[in-house]
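*Asks:* Pasting a structure here, questions to come.
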Amino acid sequence: MPDDYTPATIAAVRRLRDTLDQEGKKLVFTNGCFDLLHAGHVRYLEQARALGDAMVVALNSDESVRALKGPDRPLNTECDRAEVMSALRAVDAVVVFDDERATSLIEAIRPHVYAKGGDYTVESLNREERTALEVAGTQISILPLVPGRSTTRTINKMQGGGESTPASSGLLRLAVLGSGAGSNLRAIIAAIADNKLKAEIAVTLTDQANSSFREIARAAGLPALFVDGGENPRKLSDAAQKEVFEHLERARVDVVVLAGFMRILKEPVISAYAGRIVNVHPSLLPKFKGANAPQLAIEDGELESGCTVHLVTAEIDGGRILAQAKVRVNIGDTAEKLHARIKVEEHKLLSQVLNEWRERGLPVRGAGAS
Ligand code: GRF
């Protein structure tokens, strides 16, 4: 449309960078969707701009926002977002880019400084973007988020959801993550249906597209998200770590339940949800951390084993123990038989811990600004 705002070209921004460079000045680069600007964004952009002498903001195109955030986003078109963004005091140029990642833009512009919001760490930046920044000799700056401001929060308010907390709704909002059979998910669904667990499952998420876990979620009519974790079945790629974080934020969950989720969660989820992520593990921790715990208990000649619900920290199966239940190891037990009996206890223990948690109240957490 003729009236639409025209964003800057990459070539023009590169010329701006080169001019600044000749003058010994710095170009700051940041990128994002920015589909509903709020004070948190403005303050973030002011801080980013203060790292150099001019700033370019790369906006994800409408198509790439949809790919990143789901079919209901962006709220405003790329032309409108670019126009509003360019009116800010901190912003000297706006470009729109089509990829989900900013790698090719970084390569073309070679900014002096790259700014990113504090829901990232240098480690959780997308690997390709990070490599492009290193090749360009760009300084990476992670800026703190402004608490209490976020697009997700604004959208929820507009949809009438208010600022729901366990205290106001009486229900814990759960995310359940799993990779396999999904019996713990099924038990949580059943406990909620029987009114034994005062919770609601806001979202389920799996790294296994065709798992029973996902089937159970779908059959119960729950959002059943899939995140591609990358090649290593025990790890989540940096991009996937970020994606999981974004899904959790969007679903506004109080507690993240790892119910047989086989990949290791790292930043930004671990910090953002510190004290609010629980895992269920089939052994009496600290014994038999990691995989194959029932098999290891049998091999070690244990007379009893069991399960543990514990908080999740960066240390694998090492966070504070919240509750345990014991299970006898029978003569002639196989790992499968023992594991099946342990699971019966897991199913009760998880709901019990979540209910107690809800009654006791959860630690307060800060809100992001994305
Ligand atoms: C459970 O035994 C849990 O302790 C472990 O993974 C298993 C998941 O089982 N972390 P399911 O998928 O819930 O049936």
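*Asks:* When residues of the range 189-204 are filtered for being without any contact (Cβ under 8 Å) to a residue 24 or more places away in the chain and either surrounded by 15 or more Cβ atoms within 10 Å (Cβ to Cβ) or away from the ligand (no atom under 15 Å from the Cβ) (or both), how many remain?
*Replies:* Qualifying residue count, the range 189-204: 4.
*Asks:* Output the number of residues of the range 37-55 satisfying the condition of being of a type outside the set (K, R) and part of a helix (DSSP H, G or I).
*Replies:* The qualifying residues number 9.
*Asks:* Sticking with this one: Among the residues of the range 349-370 satisfying the criterion of being part of a helix (DSSP H, G or I) and surrounded by fewer than 16 Cβ atoms within 10 Å (Cβ to Cβ), which is modelled with the highest pLDDT? Break it down into steps so the answer makes sense when it comes.
*Replies:* The initial filter retains those residues of the range 349-370 that are part of a helix (DSSP H, G or I), namely 349-360.
Right, trim to surrounded by fewer than 16 Cβ atoms within 10 Å (Cβ to Cβ) and you get 356, 359-360.
Working: E356: 86, E359: 77, R360: 70.
The selected residue is E356.
*Asks:* A further question on this structure: Within the range 297-333, how many residues turn out to be away from the ligand (no atom under 12 Å from the Cβ), within 23 Å of the chain's Cα centre (by Cα) and touching a residue at least 24 places away in the same chain (Cβ under 8 Å)?
*Replies:* Residues flagged as away from the ligand (no atom under 12 Å from the Cβ), within 23 Å of the chain's Cα centre (by Cα) and touching a residue at least 24 places away in the same chain (Cβ under 8 Å) within the range 297-333 amount to 5.
*Asks:* Answer yes or no: is there a residue in the range 255-263 that is charged (D, E, K, R), within 12 Å of the ligand (Cβ to nearest atom) and touching a residue at least 24 places away in the same chain (Cβ under 8 Å). Step through it out loud before you land on a result.
*Replies:* Of the range 255-263, the ones charged (D, E, K, R) are 263.
Subsequent filtering for residues that are within 12 Å of the ligand (Cβ to nearest atom) retains 263.
Next, only the ones that are touching a residue at least 24 places away in the same chain (Cβ under 8 Å) stay: 263.
Taking every residue of the range 255-263 in turn, at least one turns out to be charged (D, E, K, R), within 12 Å of the ligand (Cβ to nearest atom) and touching a residue at least 24 places away in the same chain (Cβ under 8 Å).
*Asks:* Could you pull out the residue among G275, G290 that is within 15 Å of the ligand (Cβ to nearest atom), farther than 20 Å from A224 by Cβ, within 23 Å of the chain's Cα centre (by Cα) and surrounded by fewer than 19 Cβ atoms within 10 Å (Cβ to Cβ)?
*Replies:* G290
*Asks:* Please go through the range 315-338 and pick out each residue that is closer than 17 Å to G260 by Cα, out of contact with any Ser or Thr (no Cβ under 6 Å at 6 or more places or on another chain), assigned to a loop (DSSP other than H, G, I, E, B) and not acidic (D, E).
*Replies:* I316, G318
*Asks:* Which of (1) more than 15 Å from the ligand (Cβ to nearest atom); (2) buried (at least 18 other Cβ atoms within 10 Å of the Cβ); (3) more than 18 Å from S179 (Cα to Cα) does L285 not meet, given it meets every other one?
*Replies:* Single failed check for L285: (1).
*Asks:* Follow-up question, since we're still on this one. State the number of residues belonging to the range 210-235 that are buried (at least 18 other Cβ atoms within 10 Å of the Cβ), within 14 Å of the ligand (Cβ to nearest atom) and assigned to a loop (DSSP other than H, G, I, E, B).
*Replies:* Qualifying residue count for the region: 1.
*Asks:* So, one more: Which ones in the range 17-36 are in a loop (DSSP other than H, G, I, E, B) and basic (K, R)?
*Replies:* K25, K26, listed by residue number.
*Asks:* Let me ask something additional. Residues D238, D207: which one is among the acidic types (D, E), within 15 Å of the ligand (Cβ to nearest atom) and either surrounded by 21 or more Cβ atoms within 10 Å (Cβ to Cβ) or within 26 Å of I155 (Cα to Cα) (or both)?
*Replies:* Just a single option satisfies the conditions, and that option is D207.
Results for (1) at negative phi; (2) of a type in the set (A, V, I, L, M, F, W, C); (3) under 18 Å from the mean Cα position of the chain (by Cα), shown as yes or no for each residue.
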| position | (1), (2), (3) |
| --- | --- |
| L185 | yes, yes, no |
| N195 | no, no, no |
| L205 | yes, yes, yes |
| Q208 | yes, no, yes |
| A224 | yes, yes, yes |
| D254 | yes, no, yes |
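The values are calculated or read from the model by the stated rules, or taken from the named source; none is laboratory data. What you are looking at is a predicted structure, and each value in this text was computed from that prediction instead of being measured. With ideal geometry, Cβ positions are generated from the backbone for all residues, glycine too; neighbour counts draw on all protein chains shown.
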